[in-house]
1. At a threshold of 8 angstrom on Cα-Cα distance, excluding pairs fewer than six apart, so keeping six or more, what relative contact order does the stretch 2-194 reach in percent?
2. Sum -39500 (n - 2.57) across every DSSP H segment of at least 4 residues in the chain, then divide by the residue count to get the 222 nm mean residue ellipticity, nearest 500.
3. Give me the distance in nm between label points sitting 7 Å out from Cα along the Cα-to-Cβ direction at A112 and L82, one decimal.
4. Separation between the S124 and R16 pseudo-spin-labels, each 7 Å from Cα along Cα→Cβ, expressed in nm?
5. Mind pulling the angle between the C-alpha long axis of helix 156-174 and the longest principal axis of the chain? Nearest 10 degrees, somewhere in 0 to 90.
6. Could you state the orientation-averaged shadow area of the convex hull built on the Cα atoms of the chain, in nm² to one decimal?
Amino acid sequence: MMARTRTSRDDSTAERILDVAERLVQTRGFNGFSYADIAAELGITTASLHYHFPAKAALGRALIARYAERFSGALHRIDQDLADARAKLAAYADLYAGVLGGKRMCMCGMLAAEYETLPQPMRSAVIRFFDENRTWLAHVLSEGLQDKTLTFASPEEEVAQGILSTLEGAMLVAGPYGDMAPFKSTVRVLLANLSS
């Protein structure tokens, strides 16, 4: 019983650490905070952080893994809940809008901006996140061509890359304004250009 309680407490502390670190990455970037910042916010020691995540690179890998898993789950729900490819793309854009509405940036987008300074395992994880998103988008685009809800001339992979890049860039440009309008306008144009 004691071991189970300790494990549960450890898991809870690790999740709290990840929650704070994720917010800090999304608002300041990975290089914009230290273990001391997390420890101060949670009221724990930096030794406790090192117990859960021995190095900041380990924390970064855990952050990306958790973020990617959640994002993948959201894409799965979109696939389950929506049949129309255009509706799926709108729901995909809404994922980004939700993050931006919370005054944050896409975590992997922020990490991509710091790519050259990240440890190699984190770099690989960031690329994997974008690759998985591009693959999902290409599949949705293919569905849209088949059901005639979408139209575009370039190969699906190129259009998927364009959608991903547009949404990530639109978040960055809208962020300083503190206003969702620029982002929403970009999404409207993007979806209109893909409509049949």
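1. Across the stretch 2-194, relative contact order equals 22 percent.
2. Working: 9 runs with 152 residues, N = 196.
When only DSSP H runs of four or more count, the value is -26000 deg cm²/dmol.
3. 1.9 nm
4. Placing both labels 7 Å beyond Cα along the Cβ direction yields 3.3 nm.
5. Rounded to the nearest ten degrees, it is 60.
6. 12.7 nm²
Values quoted throughout were computed directly from the atomic coordinates according to the rules given, and no laboratory measurement underlies them. As the structure is a prediction and not an experimental result, all values here were calculated from the model. Quick reminder, even Gly has a Cβ in these numbers, built from the backbone with ideal geometry, and neighbours come from all protein chains shown.
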